[in-house]
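For reference, the structure discussed in these notes is given below.
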Amino acid sequence: MRPVIESLGATKRRAHGLRARIITGERVHNTLAPAYRPDASLEDIIVRAKQAADGFAHPAFRVQFNSTASFRHGAQRYPLVLRGSDEDVSSLISFQRKLAARMRRVGLQVEAGFTPHVTLMWADRCIEEYPIAPIAWTVQEFVLTIIFQGISRHIHVARWPLD
């Protein structure tokens, strides 16, 4: 799916005349549960996240995104994202809630307000929601990733298959 998502990003950038760098390769992802613990080291957070994920049994599921839109932040860059209808992302929302609950049980704080999306780029301005041909796939694994914001670096720490 990555090539399709990357191509869509390039098309959107051209069509709207956006100044942005498209998210590509291993950086294409759907963030499920950004976790933190203010009093903990990165190593401790990784250990706790692995504890939450180990033994987490969940069936593979289908997800579909069918529109693009910008998230409005107070910053100078705006994420242009893939979005899905409530029905098309309901399994993803269910999975995220279960995973977030496990993370909280091991002492991690998980951001509230999950909005299923895949970021295409961080653009110089917002664009309104626009329907696209559906992009769908079966989610077969989840990954613990350290994301270094601002320098476009992602490190995959561990992977877990879904049943």
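Computed from the coordinates by the stated procedures, all read-outs in this text should not be read as laboratory data. From a predicted model like this one, the values you see are computed outputs, not experimental measurements. Cβ atoms come from the backbone with ideal geometry, glycine included; neighbour counts cover every protein chain shown.
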Going by the conditions given, is Val63 buried (at least 16 other Cβ atoms within 10 Å of the Cβ) and touching a helix residue (DSSP H, G or I) at 6+ places or on another chain (Cβ under 6 Å)?
-> yes
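Let's see how each residue does on (1) in contact with a strand residue (DSSP E or B) (Cβ under 7 Å, 6 or more places away or on another chain); (2) in contact (Cβ under 8 Å) with a residue 12 or more places away in the chain; (3) closer than 24 Å to Thr138 by Cα:
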| position | (1), (2), (3) |
| --- | --- |
| Ile5 | yes, yes, yes |
| Arg13 | yes, yes, no |
| Ala20 | yes, yes, no |
| Thr24 | no, yes, yes |
| Ala33 | yes, yes, yes |
| Ala49 | yes, yes, yes |
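Which ones in segment 38-47 are loosely packed, with under 14 Cβ neighbours inside 10 Å and either part of a loop (DSSP other than H, G, I, E, B) or in contact with a strand residue (DSSP E or B) (Cβ under 9 Å, 6 or more places away or on another chain) (or both)?
Keep residues of segment 38-47 that are loosely packed, with under 14 Cβ neighbours inside 10 Å, which gives 38-39, 41-44, 47.
Matches in segment 38-47: Pro38, Asp39, Ser41, Leu42.
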Among residues of segment 98-117, those that are surrounded by 15 or more Cβ atoms within 10 Å (Cβ to Cβ) and closer than 20 Å to Ala69 by Cβ, counted = 3
Conditions (1) in a loop (DSSP other than H, G, I, E, B); (2) free of Cβ contacts under 8 Å to residues at least 40 places away in the same chain; (3) surrounded by 14 or more Cβ atoms within 10 Å (Cβ to Cβ): number failed by His58 | (2)
Could you check, for segment 79-89, whether at least one of its residues is touching a Ser or Thr at 6+ places or on another chain (Cβ under 8 Å), more than 18 Å from Ile147 (Cβ to Cβ), in contact (Cβ under 8 Å) with a residue 24 or more places away in the chain and not aliphatic (A, V, I, L, M)?
-> yes
Counted residues, segment 79-129 - those being over 16 Å from Ala20 (Cβ atoms) and assigned to a strand (DSSP E or B) = 3
